[in-house]
Structure formats: structure tokens, C-alpha cells
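Chemist: If you scroll down you'll find the structure; I have some questions about it.
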């Protein structure tokens, strides 16, 4: 074993990156309309939805993972869905892992975007309407640019949170190398096996990478804020 | 009511603890001011007109275009309005230029010339590439006025656009509003609780109190109607539009032709034919029976008393008509009851009015 970084040490890194990037993208697409609705709706029951979205923050990851396992397993709706393309279950697959991550990281993305939308207030949208901007145009030209810090915070938190996810992954993804074995599980495995060197490499990489992401996002935001 | 009214509407809605019930019938051009105490519903009327607030019951028609009736409500973003809010409310993430052009996306007629004209009118050339936060309050408000104008509105709504500014900033924006009024043929509905502003700018006035209209008429008619609160207030005045007959450069005095007579005003040099608005306070006007009196007062003008009303125990407010036919300008005079009785004045009596001071409030170009 001459090479410092072997094939099987790289695979969890790529898998984790793919998972975190996809999760963040899906959450930005799904979470933005949800955050918008939570920020602007006057429906009484919106707080019920808000509480549901926040739940993953407070329940233990293993509990969430356990119910997801049932949901995605052969007897749950996930299994029924999987049967459409000839699989028996969504558990222990990458799409299953992705679904779990999206739910698990949802509050970290939705909450900052919702707060940013709420902070804009009513006036800019009234101004936009009096300038003949349709609600759709006002959303893209006023709401999104003004809520930019919320989007950045949400994206960073969602990304970082998915990187470090452990309990949910272990419950629904298991430990299949190349398919569901993500960084945090791999590190745990190396420590279990006594391979501290590999555990060190992965852990250090994770710390450096996380730091770079946060630093980049912050400087990016500062650059824009200076302009305004 | 104005026979040529082009803007009509009726809004019924509930506002906190009182009901708003307003039937509007105002001219389709010039500046109409909505005046009343804070909380009387002025802003809500603008919000109903713009479609930002949907009145429970209402209709609104402007130049034969229906914006709201029993079965129809046109959303705000489909109404050709410009709305200038009390605070400039510029988009902080856009430059002044982008702010100005925000509403211009469906202004097909907009070309560089129109853009330059409005930028020039409001004196905004210097700020085009700056962000709003680097502008002062008055500059920001000018941008917001330009932004509203560039969306090519058929009706401009202004909600106390000067109230968030201090006195100097107000004086800075006022000339722009006057130029706006003179340059653009665009009806403006102007909300204010500052009578000075209204007497300077408005052509038509709607008095509002507790969600109801008290009076709605040409500004000078409301000013000179003793049954309305303006004429009997402490600083009652009339606004009269006149044009310069000649200018005496030697003494620096302009002679204005107004309906029913001439009024002399000391002023900086002005051109013959220029139109201006004169404001005359009731407390600056006194009455006499003879024309021959020697006095330092510049203006001694024949007039006829057309009505009078007791103001309080000692004073009365007198409405006069300049000249001898009844189409002359209306002037208010505040006199003591004792002098009224001593001179034996009665309604219908021809008198001479002495005007101590006249202020020029608006350049009508």
C-alpha cells in the first residue's frame, strides 16, 4: 500500500460530495417555494407545516432514520415506488439516502430563507406591483435578490449538515461501499478497524473542506454586500 | 361637482375603528389634493385607487377605463399608475438607473429622449450609477418620483412624498414637483396634511375627515367658502393664479393681472406674461370705503363683499369679489366685528381692499 490515497478511501468522499450537492440543490428548489409560502401565507395551519419542517432539528436522527426505513422499505410507499423500475426497496440505495438527507436537512435550508423573505416586508412588493411587475416578476427581481443572504446561509448549512450526517444514513443507507458508504460512516468504520491513519486523512480533509466552503460563501456574500 | 370630471370612484371599506365611505369625482388633469388630519383615511383612498387595497364595495373609473366595479377588480400590477410612497422605498439592490427603469419594461414608448427628459427634470444625472444608500433622503425621493413617471402612468398617486423630509429637503423637491405639474399632462392625486404644500401645488381639493368627504371643489372655492374649516382657520388664505402684466425694474415690482383686477408684488425680475400663483392671507387684507387714502400699502383694489361670517366674539371673516362683476377672484379678509359695524358694512357693499403682503408660491410657467 504505497499510495497515500487509495481507491476505497476516495469513493466515500465522492459519494458524500454528490449527496451533499444534490441534497442542497433539491432543497433550494423545493425549499424556496415552501419558505415563500411560510413567509407570506396568512393560512392558520401554516405553523403546523412549519413545525413539521422543523421536526428533524429536535428528533434523534435514529428515530427519523427508523421511520424512513419503514417508509422506504419493501412494505412502505418507497418500496411500491421502487417496484415501478423493478427494485424491491428504496432503503440501502442512493436515491433513498438522498430522500432521507433532504428531509433531515430541510429545516437548515428552509428556515434561513423564510426569515430572509419575512425580513423584506410588504413595501418592496407593493412598490413592484405599482411599477407593473407581476407577482412572478416581483419574486425573481425583488424577493430573490433581497433574500440572497438567506439563500447563502441556507445553502451552506444544508450542505454542511448533509456532509456530517450519520445516524439517518446508518439507518437507511447502511454501509455499502461505493453505493451508500458516506464519509462519516467510513471514518467510523476505519476507527472500528483500527485504521487510524485513514480515519485521520478523511477527517482532516473534511475539516479543511468545510472551512473552505464556509469561507468562500462568506466572502462571496461580503463582496455583494459591499456593492449595495 | 366638476362637470368635466374624468376620475370617478366609490370606495367602502372598514379601517380599524371607523368606516371609510368615499365617493370621488375629480378632474382628469392637474393636481388634486386629498387633505385631512392624520388617520382620516387619505392613504387608504390611494391604496384603493392603486389596487393595493381591495375595498369591500367599490368602483373606480378613469377616463372611461374601468379598474374596479361590482364584478371586476384589476390587480395593482395591471393598473397604469405611478405611486410615490411617503418613504422613497427604492430597491436597495439596484442602481439608481435600474431603479428608474424597473417599471419601464412595459413602457414601449420609452426611448432615450424620454428617459433623459425625466432624469433632467428631476436632476438625477449625477446619481445614475450609484446605489440608493449613498443618496440623501431628498435625492432618493426624487428617484422614486422618476421611477413612477417612467412606468408611463395614466395617474400619479403621491402619498405625502415630502413628509419624511426636513424643511430644506422639502424646498429642494418642491420646484421639481412644480416643474412636473407644468411639464407633464398627467393627473396627480396628492395626499397631504400640510396646507402650505397644498396651497402651493393643488388645483383641486378634497377635504376628508374620519373616512368621509367634507368638500370637493377647486382649491380657491374651498379656501373662500366660509362654511368650510379652511376659511375660518387661523391662517386662512386664498391662492390666486395670475400673469405678469408688466415689471417695474426701477422699483422691483411686478404687476399681476388676476381675475377682476391687478395686484402689485415686490419681487425679483420677472418676464411679462409669466404665470404665477399668489397667496394672500386673510389677516393681511383690510377694507376701506374710500380709494383716496394715502398709505404705504401697494394694493388698493375695488371689490364687493359677497358674504361674511362671525369667526369668534371679536372677529369676522369676509369674502370679497375682486372688481365689480362676480367672476372676479375671491379674496378673504379678517376684520374685527367692531370695525365692520363702525364702517356700516353689509353684504353687497362695494369697498376697497388693502393687501399688506402677497407671497408668490408657485411658478406656473
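Chemist: I need a count of the residues in the stretch B:118-148 that are within 18 Å of residue B:84 (Cβ to Cβ) and outside any loop (DSSP other than H, G, I, E, B).
Modeler: Looking only at the stretch B:118-148, we keep the residues that are within 18 Å of residue B:84 (Cβ to Cβ), and these are B:118-119, B:121-124, B:127, B:132, B:135-148.
Filter again for outside any loop (DSSP other than H, G, I, E, B), leaving B:118-119, B:121, B:127, B:132, B:137-148.
Qualifying residue count for the region: 17.
Chemist: Do we have any residue at all in the stretch A:88-98 that's in contact (Cβ under 8 Å) with a residue 12 or more places away in the chain, farther than 25 Å from residue A:161 by Cβ and within 14 Å of another protein chain (Cβ to nearest Cβ)?
Modeler: No, the stretch A:88-98 contains no residue that is in contact (Cβ under 8 Å) with a residue 12 or more places away in the chain, farther than 25 Å from residue A:161 by Cβ and within 14 Å of another protein chain (Cβ to nearest Cβ).
Chemist: Okay, moving on. Taking residue B:154 as the residue in question, decide whether it is within 14 Å of chain A (Cβ to nearest Cβ), touching a residue at least 60 places away in the same chain (Cβ under 8 Å) and either under 25 Å from residue A:132 (Cβ atoms) or surrounded by fewer than 22 Cβ atoms within 10 Å (Cβ to Cβ) (or both). Step through it out loud before you land on a result.
Modeler: Numbers: within 14 Å of chain A (Cβ to nearest Cβ): yes; touching a residue at least 60 places away in the same chain (Cβ under 8 Å): yes; either under 25 Å from residue A:132 (Cβ atoms) or surrounded by fewer than 22 Cβ atoms within 10 Å (Cβ to Cβ) (or both): yes.
The answer is yes for residue B:154.
Chemist: Among the numbered criteria (1) modelled with pLDDT of 85 or more; (2) buried (at least 23 other Cβ atoms within 10 Å of the Cβ); (3) in contact with a helix residue (DSSP H, G or I) (Cβ under 7 Å, 6 or more places away or on another chain); (4) more than 30 Å from residue A:201 (Cβ to Cβ), which single criterion is violated by residue A:159?
Modeler: The number of the failed condition is (4).
Chemist: Next up: Among the residues that make up the stretch A:166-183, is at least one of them over 14 Å from residue A:15 (Cβ atoms), more than 14 Å from every other protein chain (Cβ to nearest Cβ) and over 21 Å from the mean Cα position of the chain (by Cα)?
Modeler: no
Chemist: Can you go through A:138, A:186, A:119 and tell me which one is within 14 Å of chain B (Cβ to nearest Cβ) and closer than 30 Å to residue A:59 by Cα?
Modeler: Selected residue: A:119, the only one of A:138, A:186, A:119 that is within 14 Å of chain B (Cβ to nearest Cβ) and closer than 30 Å to residue A:59 by Cα.
Chemist: So is residue B:129 farther than 30 Å from residue B:12 by Cβ, surrounded by fewer than 22 Cβ atoms within 10 Å (Cβ to Cβ), more than 9 Å from chain A (Cβ to nearest Cβ) and touching a helix residue (DSSP H, G or I) at 6+ places or on another chain (Cβ under 9 Å) or not?
Modeler: yes
Chemist: Looking at A:207, A:176, which one is outside any helix (DSSP H, G or I), surrounded by fewer than 19 Cβ atoms within 10 Å (Cβ to Cβ) and out of contact with any helix residue (DSSP H, G or I) (no Cβ under 6 Å at 6 or more places or on another chain)? Break it down into steps so the answer makes sense when it comes.
Modeler: Values: A:207 fails: outside any helix (DSSP H, G or I).
Selected residue: A:176, the only one of A:207, A:176 that is outside any helix (DSSP H, G or I), surrounded by fewer than 19 Cβ atoms within 10 Å (Cβ to Cβ) and out of contact with any helix residue (DSSP H, G or I) (no Cβ under 6 Å at 6 or more places or on another chain).
Chemist: Do we have residue A:188 as surrounded by 20 or more Cβ atoms within 10 Å (Cβ to Cβ) and either modelled with pLDDT of 85 or more or over 30 Å from residue B:74 (Cβ atoms) (or both) here? Outline the logic, then answer.
Modeler: On the way: surrounded by 20 or more Cβ atoms within 10 Å (Cβ to Cβ): no; either modelled with pLDDT of 85 or more or over 30 Å from residue B:74 (Cβ atoms) (or both): yes.
In short, no.
Chemist: In this structure, does residue A:202 turn out to be free of Cβ contacts under 8 Å to residues at least 40 places away in the same chain, more than 17 Å from the chain's Cα centre (by Cα) and either more than 15 Å from residue A:19 (Cβ to Cβ) or more than 13 Å from every other protein chain (Cβ to nearest Cβ) (or both)?
Modeler: Details: free of Cβ contacts under 8 Å to residues at least 40 places away in the same chain: no; more than 17 Å from the chain's Cα centre (by Cα): yes; either more than 15 Å from residue A:19 (Cβ to Cβ) or more than 13 Å from every other protein chain (Cβ to nearest Cβ) (or both): yes.
No.
Chemist: Right, another one. Counting only residues that are part of a loop (DSSP other than H, G, I, E, B) and either at pLDDT 90 or above or farther than 14 Å from residue B:351 by Cβ (or both), how many does the stretch B:309-326 have?
Modeler: Kept after step one, since they are part of a loop (DSSP other than H, G, I, E, B), are these residues of the stretch B:309-326: B:311-314, B:323-326.
When the remaining residues are screened for being either at pLDDT 90 or above or farther than 14 Å from residue B:351 by Cβ (or both), the result is B:311-314, B:325-326.
Residues flagged as part of a loop (DSSP other than H, G, I, E, B) and either at pLDDT 90 or above or farther than 14 Å from residue B:351 by Cβ (or both) within the stretch B:309-326 amount to 6.
Chemist: Exactly one of these conditions fails for residue A:132: (1) buried (at least 16 other Cβ atoms within 10 Å of the Cβ); (2) within 14 Å of chain B (Cβ to nearest Cβ); (3) part of a helix (DSSP H, G or I). Give me its number.
Modeler: Exception for residue A:132: condition (3).
Chemist: Could I ask something else about it? Let me confirm something: among A:145, A:149, A:112, A:107, which residue is part of a helix (DSSP H, G or I), facing chain B (nearest Cβ under 7 Å) and farther than 19 Å from residue B:80 by Cβ? Break it down stepwise before answering.
Modeler: Numbers: A:149 fails: facing chain B (nearest Cβ under 7 Å); A:112 fails: facing chain B (nearest Cβ under 7 Å); A:107 fails: facing chain B (nearest Cβ under 7 Å).
The match here is A:145.
Chemist: So for the stretch B:200-222 (the condition being buried (at least 16 other Cβ atoms within 10 Å of the Cβ), in contact (Cβ under 8 Å) with a residue 24 or more places away in the chain, within 28 Å of residue B:107 (Cα to Cα) and within 14 Å of chain A (Cβ to nearest Cβ)), does at least one residue qualify?
Modeler: No, that holds for no residue.
Chemist: Given B:30, B:82, B:41, which one is surrounded by fewer than 21 Cβ atoms within 10 Å (Cβ to Cβ) and under 21 Å from the mean Cα position of the chain (by Cα)? Talk me through it step by step, then tell me what you get.
Modeler: Working: B:82 fails: surrounded by fewer than 21 Cβ atoms within 10 Å (Cβ to Cβ); B:41 fails: surrounded by fewer than 21 Cβ atoms within 10 Å (Cβ to Cβ).
Residue meeting the stated conditions: B:30.
The values are calculated or read from the model by the stated rules, or taken from the named source; none is laboratory data. Please read all numbers here as calculations on a predicted model, not as lab measurements. Ideal geometry is used to build each Cβ from the backbone, glycine not excepted, and the neighbour counts take in all protein chains shown.
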